[in-house]
Each structure stands twice: as structure tokens, then as C-alpha cells.
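Peer 1: The structure follows.
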Amino acid sequence: MSPLPVARIVCVPGLVGSLPHALPWHVSCPVQCVCQIKPWFSPDSVYQEAPTVDCNNLLLTKLPLPIPLNTHTLRLQSNLMSELDTAVLHGLPNLTDLDLSQNRFSRVRTIIQSSSLPSLLSLHLEENHLSHLPDASFSSLPALQELFLSHNNLHSVAPGAFTGLDSLLRLHINNNRLTTIDPQWFMALPRLEVLMLGGNPVEALPERGFLALKSLQSLVLGGMGLRGLAEKALEGLEGLESLSFYDNLLTKVPTQALRRVPGLKFLDLNKNRIKLIETGDFRDMVHLKELGLNNMDKLVSIEKAALENLPELTKLEITNNPLLSYIHPLAFVQLRRLESLMLNSNSLSALHQNIMLSLPSLQEVSLHSNPLHCDCLFQWAAEEASHPHIDRDIQTDIQSPRMVRFIQPQATLCSEPPELRARRVREVSTREMSASCLPMIPTNSLPSYVGVREGGELVLHCRALADPQPELYWVTPAGLRLGPAPSHASKGLLVHSPCNSLTASEGFNHTSATSVSSSHSQNDTPCHPSKHYRLLPEGTLEINMVTPSEAGLYTCIAENALGADTRSVTVGVHGREKKRKRGVAANFKGYPLLRADTGLEVREVGEHFAILSWHSRRNLPSTRLSWQAIYSNAHTPTYTTRILAGTQNFNLTHLQAETFYQVCLHLGMNEATKHASRRTRESRKPQCVSFRTKDAPEPQPSRQLSPELTSTAVTLLLLALILLLLAGQGWETEPGEEEGKHSSTFLQEIKNQKAPVISQKPEGCNKHQPKQMVNCY
Ligand SMILES: *[C@@H]1O[C@H](CO)[C@@H](O)[C@H](O)[C@H]1NC(C)=O
Ligand SMILES: *[C@@H]1O[C@H](CO)[C@@H](O)[C@H](O)[C@H]1NC(C)=O
């Protein structure tokens with residue numbers, strides 16, 4: 001989308017290739033100047049052969065003489081002129097184009113004065129020293145169509161400065177020192193089509209400021225320091241087709257203001273501070289053809305239905321956004337004509353197949369320079385390469401293979417998994433890509449530390465891609481689990497207090513709900529009814545009016561049936577006064593320290609399973625559960641599993657019937673607690689309970705030979721092996737660097753009623769991806 005779309009509209013039609021060259025013009029030409037007949041296009045694109053006097057770059061301080069009478073174009077660029085002999089210009093009846101750019105003019109009066117130049121269409125005054133435009137500055141130029149005033153020092157422009165410019169089509173006043181926009185300037189410019197206002201330090205546009213510009217087609221507001229846009233800022237721009245907000249400080253898409261310019265075709269929002277493209281941000285812009293969302297340092301996510309019903313959109317550019325790691329699988333809705341999708345140079349790990357399926361006219365996509373994960377989310381790319389889709393055109397009944405072209409396929413490389421690293425995405429076959437996708441929270445989406453001022457607002461964005469779609473939830477420093485939000489709710493789930501949040505959150509409607517809420521009423525866990533957390537459907541956690549007690553470790557968990565990924569962020573709350581760092585400390589002082597007694601108990605025992613529950617009033621992302629069968633005479637292996645933060649119950653499955661077991665809960669340590677007191681460390685001692693599994697139903701004649709039992713035994717043996725191996729390698733790695741990534745669900749947590757992963761066939765298994773280790777055997 002760069003250069004700015006203006007060029008597309010206003011620039012000369014495609015004659016450039018066949019332009020006639022300059023022809024000789026036999027006149028007495030001023031010394032050092034060059035006089036030729038040159039091709040020339042009027043601002044409204046009419047071609048002429050123009051007698052041209054070219055005196056550029058000659059260190060001139062005054063007009064060179066003699067200037068031929070029928071001069072059409074006079075070029076005096078890059079000289080040292082600060083005054084002009086207007087009488088000479090007055091004697092040039094056909095003077096149409098006057099270029100005085102890069103000189104030393106400081107006052108317009110010295111140029112135009114009272115002499116009328118009735119045929120002048122184009123006046124170049126850019127890069128001079130103009131600082132003020134008085135009323136009626138250009139009234140002696142009744143035919144003027146273009147006026148270039150950019151790169152001067154203009155800081156004041158009188159309300160009537162442009163009076164008399166009834167024919168003006170283009171006004172370039174960009175890169176000056178204007179701090180406000182005066183709607184009165186534009187009253188005199190009823191025919192204006194192009195307005196370049198960028199590069200002036202204007203922080204806010206007035207409401208209805210452009211109301212008079214009924215003919216305006218292109219408006220460039222780049223580089224102005226705009227932080228937001230009033231709802232009516234663009235009102236009245238009925239003919240506007242191209243709009244640029246390049247390089248401003250917008251933090252949101254100015255959706256409301258954009259609704260006032262329904263005819264818009266080209267929109268450039270590049271280089272702003274937008275963090276999220278939110279649901280409905282670009283809904284129903286029915287004429288939009290091209291949209292640019294490039295070079296945004298803060299952009300992290302394109303949300304569900306962010307672009308919806310844009311029937312004319314053909315080109316979408318979302319490139320060079322270093323934090324952009326998530327595009328919702330349903331981000332693009334009803335983009336029937338999108339042909340070109342540019343997504344290169346972001347932090348995307350995948351492009352969901354649904355995105356491809358939702359774009360029936362897509363012809364090319366650019367994904368290079370992204371950390372692409374070649375796993376199940378990318379299978380469409382491999383599949384497509386091997387058998388292109390056949391689209392049947394119902395109208396003509398012609399079958400045409402449709403294959404989306406990759407731009408720079410040689411640079412579109414897998415960066416994960418390791419065995420596919422540096423392979424071209426298009427050359428990896430479907431078979432090589434893992435069939436399952438564990439949830440993955442992109443590294444870029446959450447920083448490891450966020451500082452916030454006391455009383456301020458904290459917003460944490462967590463997103464994850466996986467197939468099947470993962471569920472996201474958060475665990476607060478106090479160990480409270482927030483979410484998951486109902487995925488269809490358009491507005492966030494408002495949770496008024498941590499206490500309520502527990503009862504409100506799903507996932508606790510099974511066995512654990514009672515135990516957790518009762519634990520909170522028994523022990524006086526901090527509970528601030530005045531605070532509220534807000535969890536948005538896509539995984540953003542908002543906390544208003546942050547207090548020091550809310551400092552600490554927040555963990556986001558993305559989970560699907562295959563496994564989970566977690567990412568933690570430490571939040572520091574800076575006091576209003578100088579008491580820095582106090583926030584983090586307060587967290588440890590203010591909260592009850594871990595005690596050995598977290599109430600680990602056995603809730604239910606079956607033949608082959610047992611349900612354990614406990615409560616913890618801390619976010620402990622690296623909690624583990626271990627268990628062991630106890631026989632009087634045999635040494636048995638100990639199994640261990642990690643427990644996701646916020647989980648306070650667990651269904652141990654694959655147990656043997658009629659057997660005693662001992663189960664221990666090892667409360668985790670995290671970065672923050674490491675620095676805490678000795679008492680905390682002591683409290684790491686595991687807590688254990690014992691139980692006996694139920695008797696198997698009688699009679700069981702040939703029990704030893706039962707195939708079911710045999711397979712269980714084999715499974716257990718394998719499990720034991722894996723776990724022993726793992727125990728040797730990595731379970732003890734402390735979080736910090738390694739925290740999170742794991743698939744903990746080879747034994748099912750209660751709320752997942754689906755088949756445990758252990759029973760999955762190993763084929764889709766990707767041995768090299770550490771997250772999946774547990775699944776691979
Ligand atoms: C100005 O242009 C007109 C029309 O092209 C032409 O007839 C006339 O001779 C020109 N005037 C001079 C002084 O060259
Ligand atoms: C625990 O797991 C067992 C075995 O998979 C299952 O039969 C039982 O229903 C599960 N219990 C709960 C509460 O999920």
C-alpha cells in the first residue's frame with residue numbers, strides 16, 4: 001500500500017512508456033538555462049507539448065532574462081531566490097507551470113503580488129521559508145489547479161488564505177508546523193480533490209473539519225501525531241476514496257469515524273500503535289478495495305470477524321508487524337473478492353486452513369519471513385501443493401484448478417519442527433506434517449514482565465492456535481482460575497470479584513466446584529469485591545484499578561484435548577509514590593504463605609481410577625502429582641505428571657483394581673517464589689494421601705489372560721518407561737526458561753471426558769517436538 005494510494009488516483013495515466021521525448025525549441029534562451037518543448041500533463045491529466053525553460057540548480061538570485069514570451073513551464077528549482085520580478089511573469093500570457101521549489105522565499109506576497117497570472121495552473125513553492133499565509137494569498141491565480149506548499153515553516157494560515165482558488169484540485173501543505181486544522185480554510189476550495197496535510201504536528205482533528213470538501217477524493221493525514229479520531233472528524237467527505245493515516249499514534253482502528261466515509265476504496269493505517277484489530281473494526285466498508293495494516297510495532301492479534309463484509313476488498317496487506325502472532329481462524333468473513341493476502345514478516349506460526357477456505361477468490365498469499373510451524377495447521381499448504389482444489393464454476397460449468405500462489409516460495413520456510421526446519425513449506429508433503437496440533441501460545445504474545453502503575457489498567461493478551469481450537473483460561477497470583485469465557489459472547493464476561501469468578505467460571509461445574517468455593521469461605525483467602533477482572537472471549541485479561549496486591553504471576557493456559565501450553569507473566573505494580581518494587585514484595589507479604597496443608601484428598605475411587613482434589617491459594621505453574629502402587633513385597637515405579645496452573649483436581653486413570661496407592665502433591669516453585677522467604681521453600685514438602693482402588697467385579701475366571709488387562713499392563717509398562725526416561729531428563733527443570741510447554745493430559749484431568757492421549761496411536765506423533773514427548777512412544 002505504499003507509496004500512498006494517492007499516487008494511484010491522481011497520477012498520470014499509463015503513458016509513461018510511450019512518452020515523446022523533448023523536442024528542440026528555437027528561441028533565445030536565458031544563459032545557462034535549457035529551452036525545449038517538453039511533454040506536460042495538466043493536473044487533470046490533459047497532455048500538452050509545453051515550451052519549457054529549465055533553469056534549475058543555477059544559484060540564481062533573480063529571474064534570468066530574457067524569458068521567451070510563449071513560455072508554458074518555467075523551472076527555477078534549487079536556486080537562491082527570495083524575490084521575484086513579478087512584472088516579467090506578468091508578460092508571460094501562457095505561463096502554466098511555475099516551479100519555485102527549494103529557494104528562499106519567506107513571503108508569498110513577494111511572489112505573486114498584484115500581478116495576475118490568469119493561465120497558471122501549477123505553482124510549486126515547496127521547500128522554501130514560508131511561515132505565514134495571510135488572507136487571499138493566492139487570489140491573483142484564478143485558474144490555479146495545484147498548489148505545493150509542503151516542507152515550509154508554515155505555522156499560521158489565515159482563515160481566508162485560499163480565497164479565490166475556486167479551481168484548485170490539489171493542495172499539498174504537508175510537513176509544515178501547523179498545530180490545528182481550521183475548517184474555514186477549506187470553504188474556498190469547493191473543487192479540491194487531493195489534500196495532503198500530513199507531517200504537521202496536529203494531535204486532534206476538529207469535528208466536521210472537512211465538511212466543505214465535497215469533492216475530495218484523497219486525504220493524506222500521515223505523520224501527524226493523531227492519537228484518535230473524533231466520531232465526526234471525517235463527516236461530509238462524501239467523495240472520499242483514499243485515506244491515509246500512515247505513521248500516527250492511533251491505538252485503535254477509528255471505526256466510528258470511518259463509518260462516515262462509506263465510499264472509501266483505499267485505506268492506509270500503516271505504522272500506528274494499534275494493538276488489536278477487533279471484531280467489527282472494518283465491517284461493511286462495502287467499497288473498500290485495498291487495506292494496509294503494516295509496520296505496527298504493537299499489533300498482536302487479528303480477532304474474530306475483524307474484517308467482515310468487505311465485498312470489494314481485493315488486496316489486504318498485514319506485513320512487518322513484529323508482534324503479530326495470531327490471526328483468528330474466522331478473522332475474515334465475507335471477503336468474496338480478496339485476491340491478494342500479504343502476511344509476510346510477522347510472527348505468525350501458522351495460517352489456519354479456515355482462513356484459506358473463507359477466501360474463495362484468493363490467488364496469492366505471502367507468508368515468508370514468519371516463524372512457520374509446519375504441523376497440522378499448515379497441512380492445507382502441503383495438500384494444496386499436491387492436489388490443487390478444483391473449483392467448479394456453476395455459471396459456466398468450467399472446471400478450473402485453483403491454486404493459491406505463494407509469493408517468494410523459496411523464502412517461505414518451516415521454522416518448526418526441527419526436522420523440517422528450513423524446508424520450503426510448499427515442498428513438505430502432508431505425510432511429513434504432524435497430524436495433531438497441540439496448543440501453542442506464541443512467544444511474542446506475552447512479555448515475561450509487565451509493570452503497571454497503581455490504580456492503572458492492566459491488559460494482558462493471550463492467544464493460541466491449535467486444532468482442535470483450544471480453550472484459554474487465566475490463573476491469577478492468588479491461584480484463581482478465570483474463564484474460559486463463552487466463545488460466542490460478543491462482549492466479555494464481566495467478573496466482579498475473584499470470589500465470583502470462581503463460581504462463574506466453567507470447568508468447575510464438575511466434582512471440584514464445591515471444594516474450591518468452600519475452601520475460599522473457610523480460609524480467608526483475599527477476596528476484593530471491589531476489584532474486577534474482565535476476560536474477553538479471545539483470551540485477553542483486563543484488570544482495572546490495579547492495586548499492589550494484584551502483583552505477581554499470571555499464567556495463561558491454552559488447552560485442547562491433545563494437551564496444553566502455558567505462559568506466565570510477572571506483573572509488577574509501581575506504587576503512586578517512589579516505592580518501586582514494593583508491589584511484588586507486598587504480594588508475598590499480603591498473601592497467606594503456602595502451607596503444607598492444601599487439603600489433598602481423595603474424592604472418588606473406582607476400579608481403575610481415582611479422583612483427587614486439593615486447593616491452593618497461589619498460582620503455582622509447576623505443580624506435580626506423583627503416584628505409586630504399594631505392594632508389601634515389590635518395588636514399583638513412581639509416575640509423575642505436571643499439573644496445569646489453576647487445576648485443583650485430577651482424575652488418575654489406568655490404575656489397577658484392588659491395589660493400594662500413594663499419591664503425592666508437589667507444589668511448584670516459580671521465578672517469583674524463588675526469591676521469597678525460606679518458609680515458602682520449606683513448604684515445598686509434598687503432601688500425600690493413600691487409597692485402595694475398588695475390587696474388580698467377580699467372577700473373573702481367566703483374568704491373567706484377559707486381553708483388556710494385558711493391554712493395560714503393556715500400556716502401564718510403556719508409561720513407566722517413558723516416565724522413568726523423562727524423570728531422568730527434565731521433570732526437575734525449574735520453570736523460568738522452560739516453564740509451561742507440556743502436554744499434561746496423558747492422564748485426564750477431570751473436565752476432559754475424552755479419551756486419554758495414551759490410547760492414541762503414535763503415528764501422528766512428532767518425536768522432535770518436546771511438547772509432545774509424553775505422547776510419543
Ligand atoms: C499562447 O497560447 C495560445 C494557444 O496555444 C497561442 O495561440 C498564443 O500564440 C500563445 N501566446 C504567445 C505569446 O505565445
Ligand atoms: C475418571 O476416569 C475414568 C477412566 O477414564 C472414567 O471412567 C471416569 O468417569 C472419570 N471420572 C470423571 C469424574 O471424569
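The values are calculated or read from the model by the stated rules, or taken from the named source; none is laboratory data. Worth saying up front: this structure is predicted, and the values here are computed from it rather than measured. No Cβ is skipped: glycine too gets one built from the backbone with ideal geometry, and neighbour counts run over all protein chains shown.
Peer 1: Out of the residues in the range 625-654 meeting the condition of being surrounded by 21 or more Cβ atoms within 10 Å (Cβ to Cβ) and in a loop (DSSP other than H, G, I, E, B), tell me which one is farthest from ligand 1 (Cβ to nearest atom).
Peer 2: Checked the range 625-654; the qualifying residue farthest from ligand 1 (Cβ to nearest atom) is 648.
Peer 1: Related question: Does any residue of the range 354-367 turn out to be more than 17 Å from residue 316 (Cα to Cα), buried (at least 20 other Cβ atoms within 10 Å of the Cβ) and either at pLDDT 85 or above or not assigned by TED's automatic domain parsing to the domain that holds residue 334 (or both)?
Peer 2: no
Peer 1: For residue 239, state whether it is in contact with a Leu (Cβ under 8 Å, 6 or more places away or on another chain) and not assigned by TED's automatic domain parsing to the domain that holds residue 170.
Peer 2: yes
Peer 1: Inspect all residues belonging to the range 171-182 and state whether any of them is at negative phi, of a type in the set (Asp, Glu) and modelled with pLDDT under 95.
Peer 2: no
Peer 1: Among 123, 130, 149, which is the only one that is away from ligand 1 (no atom under 16 Å from the Cβ) and either basic (Lys, Arg) or within 19 Å of residue 54 (Cβ to Cβ) (or both)?
Peer 2: Details: 130 fails: either basic (Lys, Arg) or within 19 Å of residue 54 (Cβ to Cβ) (or both); 149 fails: either basic (Lys, Arg) or within 19 Å of residue 54 (Cβ to Cβ) (or both).
Only one candidate qualifies: 123.
Peer 1: A follow-up question, please. If I filter the range 174-219 down to residues being outside any loop (DSSP other than H, G, I, E, B) and farther than 20 Å from residue 241 by Cβ, which single residue comes out as nearest to the chain's Cα centre (by Cα)?
Peer 2: The selected residue is 183.
Peer 1: Hey, another quick one. Inside the range 211-238, can you point out the residues that are touching an Asp or Glu at 6+ places or on another chain (Cβ under 8 Å), without any contact (Cβ under 8 Å) to a residue 60 or more places away in the chain and closer than 15 Å to residue 170 by Cβ?
Peer 2: Hits for the range 211-238 are 215, 216.
Peer 1: Still on this structure, I have one more. Condition (residue is closer than 19 Å to residue 475 by Cβ and at pLDDT 85 or above) applied to the range 581-597: is it met by at least one residue?
Peer 2: Taking every residue of the range 581-597 in turn, none turns out to be closer than 19 Å to residue 475 by Cβ and at pLDDT 85 or above.
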